[in-house]
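Notes follow once the structure below has been shown.
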Amino acid sequence: MTSPLELAANAFTAAAILLAGRNNVHTWWTGIVGCTLFGVLFAQNRLYADVVLQMFFVGTGVLGWWRWLHGNDGAPLPITHAGWRSLAWMIPAGIAATAAYGALLHFYTNAYAPFIDSAVLVFSVIAQLLMMQRRIENWPVWLLVNTIAVPLYYSRGLHLTAFLYLCFWVNAIVSWVWWTRLARRERAGT
């Protein structure tokens, strides 16, 4: 049975993800609320990497909110590409960090699926950092995260959360296309 905590966490986070995909600044405050609720839920389910991730999301939510509104010398931040050089170091760093944090959880906690949980954490951090900068490439990274998270959450009995992340997977594709179009329009000045 789905708990009221899981329902509330999913509702706020769904709103935040949909707003992010639509390039709406209200993604940040709704995300802060949803991530706080998910932090409590994941702690109850021994998904410790996800608890750390939710704390990271709350902190970056405040910073992302400010950057989207004022990050371009006081003006709203435009949508841009990250560039291949940035991505070339992020991917290997993400794999190494996943292995290191997964080993830490494996050897020192009773974490469930420590390496898979760590992959969700590390690549979510990468995606969030890209989103804070309004980089289009945040969306394919979110696709990867959602692909890993759906079976993880389902295996812990968090069926609503697993379904939500499946919806986020679809949203990431739609948002990737939408942000690409918005960036093209911004460059064209329309």
Single unsatisfied condition, residue 123 versus (1) aromatic (Phe, Trp, Tyr); (2) surrounded by fewer than 20 Cβ atoms within 10 Å (Cβ to Cβ); (3) touching a residue at least 24 places away in the same chain (Cβ under 8 Å): (2)
Just the residues that are under 20 Å from residue 77 (Cβ atoms) and more than 9 Å from the chain's Cα centre (by Cα), please, taken from the stretch 140-152. 140
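Per-residue answers, yes or no, for (1) closer than 28 Å to residue 62 by Cα; (2) surrounded by fewer than 15 Cβ atoms within 10 Å (Cβ to Cβ); (3) touching a His at 6+ places or on another chain (Cβ under 8 Å):
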position: 81; (1), (2), (3): yes, yes, no
position: 92; (1), (2), (3): yes, yes, no
position: 96; (1), (2), (3): yes, yes, no
position: 99; (1), (2), (3): no, yes, no
position: 103; (1), (2), (3): no, yes, no
position: 109; (1), (2), (3): no, yes, no
position: 118; (1), (2), (3): yes, no, no
position: 127; (1), (2), (3): yes, no, no
Could you check, for the stretch 134-150, whether at least one of its residues is in contact with an Asp or Glu (Cβ under 7 Å, 6 or more places away or on another chain) and open to solvent by less than 50 Å² (accessible area, probe 1.4 Å)? no
Is it the case that the stretch 164-175 has a residue that's among the β-branched types (Val, Ile, Thr), touching a Phe, Trp or Tyr at 6+ places or on another chain (Cβ under 8 Å) and surrounded by fewer than 19 Cβ atoms within 10 Å (Cβ to Cβ)? yes
Please note which helices (runs of 4 or more DSSP H) are completely contained in the stretch 30-148 and include at least 3 residues that are out of contact with any Leu (no Cβ under 7 Å at 6 or more places or on another chain) and outside the structural domain of residue 183 (by the TED database). 48-70
Among the residues of the stretch 8-31, how many are free of Cβ contacts under 8 Å to residues at least 40 places away in the same chain, surrounded by 20 or more Cβ atoms within 10 Å (Cβ to Cβ) and of a type in the set (A, V, I, L, M)? 1
Within the group 47, 37, which residue is farther than 22 Å from residue 135 by Cβ, open to solvent by less than 20 Å² (accessible area, probe 1.4 Å) and not charged (D, E, K, R)? 47
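The values are calculated or read from the model by the stated rules, or taken from the named source; none is laboratory data. These numbers come from a predicted model, not from an experiment. Every residue, glycine as well, gets a Cβ built from its backbone with ideal geometry; the counts of neighbours run over all protein chains shown. Surface accessibility is based on the protein's heavy atoms, side chains included, excluding ligands, DNA and RNA. Shrake-Rupley method; radii C 1.70, N 1.55, O 1.52, S 1.80 Å.
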